[in-house]
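**Student:** The structure is given below, and queries will be raised subsequently.
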Amino acid sequence: MPAPQCASCHKARAALRRPRSGQALCGPCFCAAFEAEVLHTVVAGRLLPPGAVVAVGASGGKDSTVLAHVLRELAPRLGISLRLVAVDEGIGGYRDAALAAVRRQAARWELPLTVVAYADLFGGWTMDAVARSTAGSGRSRACCTFCGVLRRRALEEGARLVGATHVVTGHNADDMAETVLMNFLRGDAGRLARGGGLGSPGEGGALPRCRPLQLASQKEVVLYAHFRRLDYFSEECVYAPEAFRGHARDLLKQLEAARPSAVLDLVHSAERLARCGALASRALCQACALLDGLNRGRPRLAIGKGRRGLDEEGPPGAPPRPPARSALRSRGTWRSDAVAVRL
Ligand SMILES: Nc1ncnc2c1ncn2[C@@H]1O[C@H](COP(=O)(O)OP(=O)(O)OP(=O)(O)O)[C@@H](O)[C@H]1O
């Protein structure tokens, strides 16, 4: 049976069905839709203001490769400039090859690249040295904990080095859903509440961070890389197989098979928890809605029919309202109810 016609341009044959919507699209229309959705995430969430100097955490993997490519496409419209920052954790047989991919990307896309190394930043410690030191004490699990914390610090240092005002990473919806599951399984309510937004506004002197691909599924990230013919490094870190994240990933796959919306449901449930911690059937719990109305000088909006106006974005075409913080408690996260609306 011939492939159906593209549902967007109605000219070309469709090359894929979008995993979530089932919409049949040709490659160029899919890539355009993907880019428009990332643009919407950034604009509606007010993640990267015009004039921002954005440090892209570039690992050479699919997510950060797609992120850098999409932001490079969108940069003129957003009025931002980009710098690639790669962290060399000192993982023999893995990071060198990944860094080679980042260098090829920087050259092809004419983006400035800075590499910062754990060994230089952390008194000679590389991840291989940490792994040797933690061997016998839960090995790789301990490794991933060290690496996550040190990489965050290294990325911040690298971003400051290049004069960045913002940091972006390539975490996608699947990564975020895995993290939510991991935090639930560990009973880590603090991380659950902090990690749900699209990023953090830069507390304690840190640069603001965000994850523009947070609502994009892993499958679509891979499809975008395929249709844009992006060159990326696809091997898994040598320390990853024993990491706890693998269990969350397996569980998520099973959940998704039974309930295709499981990934986004988890992402959005974390966003809701990120607001004030209270469970709510709407975007804001009633207390937050009332206080939000007071804070915005529109107390009546929060009551009765007007409540709707506090939960949702304005009419189509209206400028997005600022991503106000939780009225009850600031958790250092940005709300993103605005961006839950898919294009
Ligand atoms: N060595 C690194 N240097 C710079 N940024 C990094 C590095 N490792 C990870 N990051 C950033 O953190 C994000 C999440 O990385 P992680 O390894 O957890 O997930 P991933 O899904 O494998 O990402 P990717 O496909 O981009 O490697 C990456 O997309 C990237 O933006």
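The values are calculated or read from the model by the stated rules, or taken from the named source; none is laboratory data. Computed from a predicted model, the values in this text were never measured in an experiment. So basically every Cβ, Gly included, is an ideal-geometry build from the backbone, and we count neighbours across all protein chains shown. All accessible areas refer to the heavy atoms of the entire protein, side chains included, with ligands and DNA or RNA removed. Shrake-Rupley method; radii C 1.70, N 1.55, O 1.52, S 1.80 Å.
**Student:** Restricting region 72-86 to residues that are open to solvent by less than 20 Å² (accessible area, probe 1.4 Å) and in contact with a helix residue (DSSP H, G or I) (Cβ under 8 Å, 6 or more places away or on another chain), which is nearest to the ligand (Cβ to nearest atom)?
**Tutor:** A86
**Student:** Oh, and also: Consider Q214 against the criteria (1) away from the ligand (no atom under 15 Å from the Cβ); (2) not in a helix (DSSP H, G or I); (3) not acidic (D, E): it satisfies all of them except one. Which criterion is unmet?
**Tutor:** Condition (1) is where Q214 drops out.
**Student:** What number goes with the only condition from (1) over 17 Å from the mean Cα position of the chain (by Cα); (2) within 13 Å of the ligand (Cβ to nearest atom); (3) closer than 30 Å to R46 by Cα; (4) among the polar types (S, T, N, Q) that T126 does not pass?
**Tutor:** Looking at each condition in turn, T126 falls short on (3).
**Student:** Just to be sure before I move on: is F184 open to solvent by 40 Å² or more (accessible area, probe 1.4 Å) and modelled with pLDDT under 90 in the structure I sent?
**Tutor:** yes
**Student:** Further question: Does L39 count as touching a helix residue (DSSP H, G or I) at 6+ places or on another chain (Cβ under 7 Å) and open to solvent by 20 Å² or more (accessible area, probe 1.4 Å)?
**Tutor:** yes
**Student:** Which one is farthest from the ligand (Cβ to nearest atom) among residues in region 152-170 that are among the charged types (D, E, K, R) and surrounded by fewer than 18 Cβ atoms within 10 Å (Cβ to Cβ)?
**Tutor:** As a first pass, look at region 152-170 and keep what is among the charged types (D, E, K, R): 152-153, 156-157, 160.
From what is left, the residues that are surrounded by fewer than 18 Cβ atoms within 10 Å (Cβ to Cβ) are 152-153, 157, 160.
Values: R152: 9, R153: 12, E157: 11, R160: 14 Å.
Across region 152-170, the extreme among qualifying residues is R160.
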